[in-house]
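These notes concern the structure reproduced below.
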Amino acid sequence: MVYAIKNGILTDSNNPVRQIRSKNTGGAFPTPPKIVVIHFTAGGSAASSANWFASKDNTNSSAHVVIDRDGTIIQCVNFGEVAWHAGKSTWRDIVGLNRHSIGIEIANWGALRGGANGWSNAAGQRIDNVVMAVHRNGNPDGSRTPIGWEAYPEAQFEATVALVRALRAVYPIAEIVGHDDIAPVRKSDPGPAFDMVRFRQRVLGGRDDDGPNTGVIRSPGGLNLRSGPGTNNAVVQLLADGTKVLPIGANGSWLEVTVLDAAGKPSKTGWVHGHYVDLD
Ligand SMILES: [Zn+2]
């Protein structure tokens with residue numbers, strides 16, 4: 001998939017993307033959108049959610065796109081127009097995110113219901129692709145112990161990455177947030193099953209000159225990650241040869257780094273001797 005946006009309309013490798021248009025829009029953006037808001041639909045297929053946005057029974061909600069579990073995208077609102085996805089919301093100095101953001105709905109059931117036969121969705125169907133997690137704002141039922149959340153398939157995640165990269169080529173998108181960031185009391189989407197750290201890294205790291213400055217540990221026997229700059233500081237972890245790190249500070253010949261795990265996700269932070277770090 002190679003997404004492009006022209007006159008607010010999405011194409012995939014120059015082919016049209018399915019449009020199910022919603023009339024629930026607020027007209028042209030007053031200023032170009034600079035935030036992307038990620039949601040889950042709490043529902044079944046992308047088409048079912050898009051049809052709801054287009055339904056004449058629905059006069060108060062929409063989103064720019066809905067992304068299906070297999071990565072197929074349906075566009076519902078022109079990217080140049082305000083969609084109604086955020087509701088009452090606040091982020092930094094912005095109140096009411098609709099007028100400043102692109103809304104992406106991802107087909108996903110969100111928090112699941114537990115039972116003797118595993119986890120099921122609101123329709124009572126069993127869901128096997130589950131991530132066990134606690135929502136950082138507390139689970140929707142108020143609990144603070146791990147519950148099942150529907151996982152986001154990789155194809156869906158990657159389609160979302162590709163879409164937001166295409167948006168960044170056209171709009172001054174500076175931040176990606178979840179609905180649960182901008183309306184934390186009311187909303188739990190996209191929730192803990194959506195790896196926002198990895199998502200931001202994949203999107204913002206998409207251009208070489210715009211991505212993080214990374215380094216690779218080059219030491220056949222491994223390299224000690226220490227709690228401070230110098231061999232007198234405690235060893236936090238032995239980093240294997242080839243481990244990727246993000247340099248975040250320096251002190252003499254020592255580098256402060258954030259260690260990336262196999263999935264490219266930030267894990268521990270500590271200090272390593274810079275001689276063994278191959279910076280790109
Ligand atoms: Zn939402």
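The values are calculated or read from the model by the stated rules, or taken from the named source; none is laboratory data. Everything numeric in this text was worked out from a predicted model, so none of it was measured. As a convention, Cβ positions derive from the backbone with ideal geometry for all residues, glycine included, and neighbour counts pool all protein chains shown. Quick note on the areas: whole protein, heavy atoms, side chains included, nothing else; ligands and nucleic acids left out. Shrake-Rupley method; radii C 1.70, N 1.55, O 1.52, S 1.80 Å.
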(request) Measure off 7 Å from each Cα along the Cα-to-Cβ vector at D70 and R136, then give the distance between these two points in nanometres to one decimal. (result) 3.4 nm
(request) Stick to Cα atoms and the Kirkwood definition of Rh, then tell me Rg/Rh for region 1-91. (result) 0.94
(request) Round to a whole angstrom and tell me the spacing of the C-alpha centers of region 134-185 and region 207-280. (result) 28 Å
(message) Considering only protein heavy atoms and a probe of 1.4 Å, how much of the accessible area of region 215-279 is carbon and sulfur, as a whole percent?
(response) 50 percent
(request) Would you please put 71-82, 133-144 in order of how densely packed they are, using the mean number of other Cβ atoms within 10 angstrom per residue and starting with the highest? (result) 71-82, 133-144
(request) Kindly write out, for region 74-79 in residue order, the coupling ³J(HN,Hα) from the Karplus curve 6.51 cos²θ - 1.76 cosθ + 1.60 (θ = phi - 60°), rounded to whole Hz, with x marking Gly and Pro. (result) 10, 8, 10, 9, 4, 5
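Seen from all sides and averaged, what is the projected area of the convex hull of the Cα atoms in region 215-279, in nm²?
Across all orientations, region 215-279 yields a mean hull projection of 3.7 nm².
Express the carbon and sulfur contribution to the solvent-accessible surface of region 63-198 as a percent, rounded to the nearest whole number, probe 1.4 angstrom.
On the way: 2940 of 5720 Å².
For region 63-198, the apolar C and S fraction of the accessible surface comes to 51 percent.
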(request) Quick one: which residues, 5 or more positions from W119 or on another chain, have an amide H under 5 Å from its amide H? H modelled 1.01 Å from N in the peptide plane, none for Pro or chain starts. (result) I127
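State the antiparallel share, in %, of DSSP beta bridges confined to the chain, rounding to the nearest 5. Show your work: numbers first, answer last.
Numbers: 45 of 59 bridges.
Around 75 percent of the beta bridges assigned by DSSP in the chain are antiparallel ones.
Quick one: ranking K244, K268 by accessible area, 1.4 Å probe, largest first, what do you get?
K244, K268
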(message) Quick check: residue separation of R21 and A250 times 0.36 nm, minus the Cα distance between them. What number comes out in nm?
(response) 77.3 nm
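Could you report region 215-279's accessible area per residue, 1.4 Å probe, as an integer in Å²?
Details: 3410 Å² over 65 residues.
Accessible area per residue: 53 Å².
Once fully extended, how much extra length lies between T11 and T145, figured as 0.36 nm per residue of separation less the alpha-carbon to alpha-carbon distance? Intermediate results must be reported in sequence, preceding the final value.
On the way: separation 134, 0.36 × 134 = 48.24 nm, distance 4.19 nm.
Length gained, T11 through T145: 44.0 nm.
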(message) Using a 7 Å offset from the Cα along the Cα-to-Cβ direction at both E154 and D241, what is the distance between the two label points in nm, to one decimal?
(response) 2.7 nm
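Per residue, how much space in cubic angstrom lies within the convex hull of the C-alpha atoms of the chain?
Values: hull volume 46.2 nm³, N = 280.
Hull volume normalised by residue count: 165 Å³.
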(request) Search the structure for amide H atoms under 5 Å from the amide H of A86, placed 1.01 Å from N in the peptide plane, and list their residues when 5 or more places away or on another chain. (result) N98
(message) Distance between the C-alpha centers of region 186-204 and region 6-77? Whole Å please.
(response) 19 Å
(message) At 222 nm, what value in deg cm²/dmol follows for the chain if DSSP H runs of at least 4 each add -39500 (n - 2.57) and the sum is divided by all its residues, to the nearest 500?
(response) -4000 deg cm²/dmol
(message) Let me check something: with ligands and nucleic acids excluded, how do E154, E175, E105 order by accessible area (1.4 Å probe), largest to smallest?
(response) E154, E175, E105
